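The values are calculated or read from the model by the stated rules, or taken from the named source; none is laboratory data. The shown structure was predicted, so the numbers you read here are calculated from the model rather than taken from an experiment. Here the Cβ is made from the backbone with ideal geometry for all residues, glycine too, and neighbour counts use every protein chain on show. Surface areas here come from the heavy atoms of the whole protein model, side chains and all, with no ligands, DNA or RNA. Shrake-Rupley method; radii C 1.70, N 1.55, O 1.52, S 1.80 Å.
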Amino acid sequence: MKPFLDFVPQMNDIDLDRIARMQKKMEKRQASICSERALLITESFQSTEGEDYVLRKAKAFAHILKHMSIYIENDSLIFGNQASCNFAAPIFPEYSINWIIDELDEFHQRSGDVFQISEKVKKDLSGIASYWRNNTHQDEVFRNTPETIVLSEKQGVLHRGGISMSGDGHIVPKHELILEKGFRAIIGDAQQKLNETIDHEAQIFYQSVIITLEGVLVYIKRFSQLAYQMAEGEKDEKRKAELWKIGKMCETLMERPVQNFYEGCEVCYLVHVLQMLESNGHSFCYGRFDQYMIDLYHSDIQKDILTKEKALEVITHMFLMNSSHNKVRPYGHTKFSQGYPLYSNLMIGGRKPDGVDGSNELSYLCIEAMNLTSMAEPNFSMRYNQDTPADLLKLAAKLIRTGCGMPSMFNDEVAVRGLMDLGIPKEDALDYCAIGCVETGVPGKYGHRATGMTYVNWGKVLELVLNNGKDPNSGIQLISLNGRTDSEINYESYDEVWDAWEKLLKYYSDLAVECDAICDRSLAKYDASPFASCFIDNCMELGKTLKNGGCKYDVISQSNIGPCVVGNSLAAIKKIIFDEQKITWEQLLSAINNNWQGREASYIHKLAKNAPKFGNDDDYVDYIVKDVFDSYLKLLPAYKTERTGKGPEISCYTMSTSNITSYVPNGLDVGSTPDGRTAKSPLNEGCSPTQGTDMRGPTAVINSVAKLPNSKVAAGQLLNMRFSPGSLAGDENLNKFVNFLQACILKGIYHNQFNVVDSKTLLDAKEHPENYTDLIVRVAGYCAQFVALMPEAQNAIIARTENEWCM
Amino acid sequence: MSDEGYISTIQLYSTKDGPGIRSTVFFMGCNLKCKWCSNPELLTPDVKYMHFEHKCIHCSACVEIASNHSITFAEKGCRIDRQMCSNLAECAEICPQNAYEKIGFEISSEELVHKLMRDKEFYSVSNGGVTFSGGDSILQGDFIIDVAQRLHAQGIHIALDTAGNICWEKMKAIIENVDMVLYDIKAYAGEIHKICTAVDNTLILSNIKHISKMNKDIIIRMIIVPGFNDDMDDVYQRIVFIKSLGPSVKRVDILEYHNLGSGKYARLGIENPIQQVICNNYSLLEKVKKIACELGLNATILQ
């Protein structure tokens, strides 16, 4: 298979064999648990009792960096490790410890996201557990969580994932600052500010920054020693020279500004690893890599010390090394985000702060590097607009076509407008990047997770509308709609149903905001991250950590799951019961409670399934889904963040439909719904149509999504689409797909991620055609049937898949 | 001016029915009967019902209400005596599994245009548009002229996919209102054409000759179906004829046979004229392409 999409190497600088070896190693990696960080932080904390927590964190960080095992991968130009071996997850006892001890014997038995764990590591972790019990972030949250929130979790409406037991993550540091100054100069700044301030909090913060950055410089110099050692024993001349170069580089790395492109890549990678080591959050991102690295690239090329091929090699190594990192989560939460995800987003393309499109040579090289990498990290995304070069779009389309689902595409026009509507100035809005999966923010100026505070299961809220607020599974009722304490309720009109939805939505959204605040108050202490903070405006200026109000823009959101299931259900109720009066409310409830079983119930099931569905460009249901979005958006201005008035220039809530995989476990908690969905089946993903209900092709999906208030979902409106391989095969189809992307800009779509299914998935499509109604067959003059894929069409697509990927 | 047309589907994101991203309207009714037809549901203009046996769960709802006991259980799905059954519509409605699909409905030109305009951004960025297909839309000439004129008023490009088997006077009026013609030439010799499609091709060949002088872009479709119209002499005659049409012919698409429509026959309860498995001969297709290119035609094998 051809290794490059379009790139034609002129020089011999890129060692493809070595890249293939590294790629294989990463592909075959095994996850394990490492106890080093846990032991070292415990040691450090034991010696800093009584000190300010932020200071303790900083000292612990420095202690870890001084003593942890370090290594340099034999084949890699890029180095820096988070744990003692490849793909090992460090442990962060300061955030939570109980679940770790509970699951010690279960990590390796999981059915997904398995972690190997040695007896020694189990012993290490058991040994330190008692120091941390009752003193973790999770304990603090638990102590402060009122009964109503606990009950709403038991109902299955609210879910606190990371925020109650992990750090926030979701940070994009100001890379330009780091590259231009180096850590030593930032230490100098902190020292000066420390001398000038009399504010206690600020003093602690600056001290923490200094201790942290000094610790990092020690860590870097350890690599110098290691590299020289390895060079001495290295037989291969080329590798020997490379190791020697690393040794030399690390003597002064970050003691001064970055000297060249290679150093720059290494620094970006190091900052990433170190943030991952400081906090057990994830989504520590690279931001707009092609924008802030382009000057170094151009300068090196001009000076003749770098070739395109070498640059591609370095970038690819950097990309590949991202697959060496890992974080472990409780098994229950893992189902909400499967696949060892880290969401280290790296974004290319898009307008610069002056409004001109910034696509450059690095944008193209990054796509080629991602193609060579073929792993899930970094989480690769692309900004585009009407001025994006068509050939860059086409190259991106070629990458999408390989089936990796990347880059996911972000529409500049909508994303920028969304941020400006929050009050963010135009130049900053134009500089946006993706954080995590779909969340949008301003690099170097956003503090916290822009999305995914508390998760709210809207499918469950809908179920409560049907049951007078009483959850059928748990029997818990926190609020009654008609005053009764049982689940009996009758609605005389659609308006009454709508009012009930709004009432319950407000109740649970208010509760979720309270839940966010409880977690945030605890995170301010336990997730104090001086290393992350010193690279974000305005922490250094204000002398505050991110969580205490140091960031310039404090914009957060929850994660709301299942808006299309809700909209489809309301539309079905309106149409079948109230408009057409085909059945009564009692008949619908009865059919739902029986999960559509029985003669009458299965007829009602058909009516429900045949009711209009979002994603088919049908105004009737599409505008009801829009209403659902609006019903939540109008609540937001009343919500305040914990940092309001404490420093940020903007503090507010916005909306996001970035759900990762939570639509699956959320669906498990919800019975049948009026849209015809069967009990326990998944809700819809993001704002995408519910699987199996969009049947008119991709333009209809876009037309439906275009009716939603996308720019108001300013923390990312997630849309996932599937294409059959045949629809992107060949140059002509690829061009039409690029046109399709361009049309999405005009239609005001926020985000789109494309999954081009492989032949394995297509075999599943044969077995379950009802789940693949969105896959399109296009043959000249052939009327592809409205209903599902038929066996002969599936065979045709499968046959094409085998043939059409050797381009 | 006809108010209503009979169509089965408006297919969106069509990538094989002309340039750019298009919407293809499939019209009911055709005056050919090609043995390899992949849209048999469009052969006649009446409403029909397809039965999907794999969706049937033998609940007997339709069996119970079907007139004259015209529906019974088959081993898989239901057996429908379509001559005897006078209430198939009700049976379709009552089926809880959506195992019956109604094909064909009436639509006004205004409503059709309104629906087609919803994808206008996709047409404009890709230089795409709308394609009339089917069946054969020329049998509803007045209607498609009306729709075409309305679409043109909105700047939409129109392609006509047709077999061309009507009198020239009617054909001319239609062609004047479209921008591009996708034209099937299924055989050259009349006898072969009749065996394959049940009709003579004199009108078809003379029509395209006229069209080629009208300054409209033409794409010729040449399907090659092994055992039917793959006689090399006749294929060569086809190519020579196409060449004679001159510069209006922008491209020749060589189409392989596909059996994607074969399941539809069973679902409609009609006999499939092709019972055997037909394998495409790819070296033959390549040969055809080579000959066409050597004669100076822009030939491709369309996949």
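Would you confirm, using the coordinates I've provided, whether residue B:281 is over 21 Å from residue A:778 (Cβ atoms) and either open to solvent by 30 Å² or more (accessible area, probe 1.4 Å) or within 14 Å of another protein chain (Cβ to nearest Cβ) (or both)? Taking the combined requirement at face value, the residue satisfies it.
In region B:203-303, counting only helices (runs of 4 or more DSSP H) that sit wholly within it, the ones holding 2 or more residues that are under 23 Å from the mean Cα position of the chain (by Cα) and under 30 Å from residue B:74 (Cα atoms) span B:262-268.
Which fully enclosed strands (runs of 3 or more DSSP E) of region B:6-122 have 1 or more residues being within 13 Å of chain A (Cβ to nearest Cβ) and open to solvent by 10 Å² or more (accessible area, probe 1.4 Å)? Hits in region B:6-122: B:48-51, B:100-103, B:105-108. Within region B:35-78, the residues that satisfy the criterion of being of a type in the set (Phe, Trp, Tyr) and out of contact with any Ser or Thr (no Cβ under 8 Å at 6 or more places or on another chain) are B:36, B:49, B:52. Of all residues in region B:239-271, those satisfying the criterion of being free of Cβ contacts under 8 Å to residues at least 40 places away in the same chain and away from chain A (no Cβ under 11 Å) are B:244, B:245, B:246, B:247, B:248, B:271.
No other residue among A:187, A:163, A:178 is open to solvent by less than 30 Å² (accessible area, probe 1.4 Å), in a helix (DSSP H, G or I) and free of Cβ contacts under 8 Å to residues at least 60 places away in the same chain apart from A:187. Taken over region A:697-708, the criterion of being in a helix (DSSP H, G or I) and facing chain B (nearest Cβ under 10 Å) is satisfied by A:698, A:699, A:700, A:701, A:702, A:703. Across region A:27-80, the number of residues qualifying as polar (S, T, N, Q), open to solvent by less than 10 Å² (accessible area, probe 1.4 Å) and under 22 Å from residue A:377 (Cβ atoms) comes to 1.
The condition of being more than 11 Å from chain B (Cβ to nearest Cβ), part of a helix (DSSP H, G or I) and not hydrophobic (A, V, I, L, M, F, W, C) holds for only one of A:727, A:711, that being A:711.
Among the residues of region A:81-98, the ones that are open to solvent by 10 Å² or more (accessible area, probe 1.4 Å) and either more than 28 Å from the chain's Cα centre (by Cα) or charged (D, E, K, R) (or both) come to 0 in all. Among the residues of region A:748-771 satisfying the criterion of being surrounded by fewer than 18 Cβ atoms within 10 Å (Cβ to Cβ) and part of a loop (DSSP other than H, G, I, E, B), which is nearest to the chain's Cα centre (by Cα)? Going through the qualifying residues, I end up with A:758.
Say we look at region B:240-262 and pick out the residues that are at pLDDT 90 or above and of a type in the set (S, T, N, Q); which of these is surrounded by the most Cβ atoms within 10 Å (Cβ to Cβ)? By that ranking, first place goes to B:248. All told, residue A:722 meets the bar of being open to solvent by 20 Å² or more (accessible area, probe 1.4 Å), within 14 Å of another protein chain (Cβ to nearest Cβ) and under 24 Å from residue A:345 (Cβ atoms).
Condition check ((1) in contact with a helix residue (DSSP H, G or I) (Cβ under 7 Å, 6 or more places away or on another chain); (2) buried (at least 16 other Cβ atoms within 10 Å of the Cβ); (3) over 30 Å from residue A:255 (Cβ atoms)) across all residues:
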site	(1), (2), (3)
A:103	yes, yes, yes
A:107	no, yes, yes
A:120	no, no, yes
A:143	no, no, yes
A:152	yes, yes, yes
A:156	yes, yes, yes
A:173	yes, yes, no
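Among the residues of region B:160-184, what is the count of those that are within 14 Å of chain A (Cβ to nearest Cβ) and without any contact (Cβ under 8 Å) to a residue 24 or more places away in the chain? Total meeting the criteria: 0. Would it be correct to say that residue A:689 is open to solvent by 30 Å² or more (accessible area, probe 1.4 Å) and either touching a strand residue (DSSP E or B) at 6+ places or on another chain (Cβ under 9 Å) or within 27 Å of residue A:594 (Cα to Cα) (or both)? The answer is no for residue A:689.
Given (1) away from chain A (no Cβ under 14 Å); (2) open to solvent by 60 Å² or more (accessible area, probe 1.4 Å); (3) closer than 20 Å to residue B:4 by Cα, where does residue B:145 come up short, assuming only one miss? Against the list (1) away from chain A (no Cβ under 14 Å); (2) open to solvent by 60 Å² or more (accessible area, probe 1.4 Å); (3) closer than 20 Å to residue B:4 by Cα, residue B:145 comes up short only on (2). Only one entry in A:457, A:473 is under 27 Å from residue A:141 (Cα atoms), open to solvent by 40 Å² or more (accessible area, probe 1.4 Å) and within 32 Å of the chain's Cα centre (by Cα), namely A:473.
Within region A:768-783, the set of residues being of a type in the set (D, E, K, R) and under 18 Å from residue B:25 (Cβ atoms) comprises A:778 only. Per this entry, residue A:113 is counted among residues that are crowded, with 18+ Cβ neighbours inside 10 Å and within 24 Å of residue A:141 (Cβ to Cβ).
Cβ separations smaller than 8 Å between residues 6+ apart or across chains give the following pairs from region B:16-34 residues that are touching a residue at least 24 places away in the same chain (Cβ under 8 Å) and within 17 Å of residue B:186 (Cα to Cα) to residues that are hydroxyl-bearing (Ser, Thr, Tyr) and open to solvent by less than 10 Å² (accessible area, probe 1.4 Å): B:32/B:197; B:33/B:197; B:34/B:197.
Just a yes or no: is a residue in region A:732-745 over 19 Å from residue B:23 (Cα atoms) and more than 10 Å from every other protein chain (Cβ to nearest Cβ)? No, every residue in region A:732-745 fails to be over 19 Å from residue B:23 (Cα atoms) and more than 10 Å from every other protein chain (Cβ to nearest Cβ).
Which one is nearest to residue A:694 (Cα to Cα), of the residues in region A:596-615 that are small (Gly, Ala, Ser) and within 11 Å of another protein chain (Cβ to nearest Cβ)? Checking each candidate, the answer is A:608.
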